[in-house]
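Notes for the one structure printed next.
Computed from the coordinates by the stated procedures, all read-outs in this text should not be read as laboratory data. These numbers were taken from a predicted model, which means no experiment stands behind them. No Cβ is skipped: glycine too gets one built from the backbone with ideal geometry, and neighbour counts run over all protein chains shown.
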Amino acid sequence: MPKRTIADYQDIIHLPHHVSPNRTHLSMQERAAQFSPFAALSGYDDAVKETARMNEEQMKLSEDYIPD
């Protein structure tokens with residue numbers, strides 16, 4: 001696939017942004033709410049938090065280490 005440049009979009013770049021006459025604009029909170037219940041990887045959040053906790057503990061241990 002050839003690399004695209006801004007020249008490829010010259011015919012549409014200055015067109016106004018489309019606004020639907022039938023639907024109201026969603027707030028940022030409403031847009032975010034559409035995706036919040038979706039969890040593709042159940043347990044992933046917990047795994048990330050546990051990894052962060054273990055790394056923080058390891059950092060604390062290494063900071064307390066004083067070589068002889």
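Structure summary
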{"read-out": "Karplus-derived 3J(HN,Hα), 6.51/-1.76/1.60, for each residue of the stretch 49-54, Hz, glycine and proline x", "value": "5, 5, 5, 5, 5, 5"}
{"read-out": "Trypsin sites (Lys or Arg not before Pro) restricted to DSSP loop in the stretch 1-41 with at most 16 other C-beta within 10 Å", "value": "LYS3, ARG4, ARG23"}
{"read-out": "Radius 15 Å from Cβ of LYS49, net charge of other residues (Lys, Arg +1; Asp, Glu -1)", "value": "-4"}
